[in-house]
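Engineer: Below is the structure I would like to discuss, written out as structure tokens.
What follows draws every value from the coordinates through simple rules; no lab data is involved. In this text the structure is predicted, and so the values were computed from the model without any measurement. Quick reminder, even Gly has a Cβ in these numbers, built from the backbone with ideal geometry, and neighbours come from all protein chains shown.
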Amino acid sequence: MELIKLEDYNNIYEVQGFELEFKNLLKKSGEYQACKKKLKFNLSFLDNSGGVQKALLHKNIEKLSDEKNLYSIRNISSLNPRTIFCCAVDDNTYILLTSFLEKSTSDYEKAIVLAKNIKKALDID
């Protein structure tokens, strides 16, 4: 699995296929552009926060309880898209792992399992 550095950010990477996954979640709804803009805003905050603890002060960034090194970005929309990321190397390097639409708690549970598997494949603790 390959990591791709996002060109508009200093500290943010994505796993290969993340962008396509995010686009496929939203393209049928017609909300892709609006949600992409919101994600970019949240990523800019994350990138410039100076560490994950400071980033958690933002209302759209949260630590996933009971999950080691997994966090979520909430993009405000009627579709309720979420992006799960982790920290690597230090608390100021972020890797976007997966995105999903939260309709129920089982959606979150499935996405967490997927994110954990991606972390394991990347050998990230």
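Engineer: Just to confirm the filter: which trypsin sites (Lys or Arg not before Pro) across the stretch 41-102 are DSSP coil and have at most 15 other Cβ within 10 angstrom of their Cβ?
Structural biologist: Taking the stretch 41-102 and a limit of 15 other Cβ atoms within 10 Å, the loop trypsin sites (Lys or Arg not before Pro) found are K59, K68.
Engineer: Using the Cα gyration tensor of the stretch 22-125, with a ≥ b ≥ c the square roots of its eigenvalues, what is the shape: rounded (a/c below 1.5), prolate (a/b larger than b/c) or oblate (neither)?
Structural biologist: Here the stretch 22-125 falls in the oblate category.
Engineer: On to the next question. Among all helices in the chain defined by DSSP H, which have a length of 20 Å or more along the axis from Cα atoms plus a Kyte-Doolittle mean of at least -0.5?
Structural biologist: 105-122
Engineer: Now, a different point. Considering only DSSP beta bridges whose two residues both sit in the stretch 3-122, what percent are antiparallel, to the nearest 5?
Structural biologist: 85 percent
Engineer: Then there's this: Under the rule of -39500 (n - 2.57) per DSSP H run of 4 or more residues, summed and divided by the residues of the chain, what mean residue ellipticity at 222 nm is obtained, to the nearest 500 deg cm²/dmol?
Structural biologist: Computed ellipticity for the chain at 222 nm equals -12000 deg cm²/dmol.
Engineer: Hey, how many Å between the Cα centroid of the stretch 1-65 and the Cα centroid of the stretch 76-90?
Structural biologist: What the calculation gives is 6 Å, centre to centre.
Engineer: Continuing with the same structure: What distance in nm separates the simple spin-label points at S77 and D91, each placed 7 Å from Cα in the Cβ direction?
Structural biologist: 3.0 nm
Engineer: Explain nothing, just the number: relative contact order of the stretch 3-122, from Cα pairs under 8 Å at least 6 residues apart, as a whole percent.
Structural biologist: Computed over the stretch 3-122, the figure is 23 percent.
Engineer: Work out how much length E67 to S104 would gain on full extension: take 0.36 nm times their residue separation and subtract the Cα-Cα distance, in nm to one decimal.
Structural biologist: On the way: separation 37, 0.36 × 37 = 13.32 nm, distance 1.81 nm.
In short, 11.5 nm is gained.
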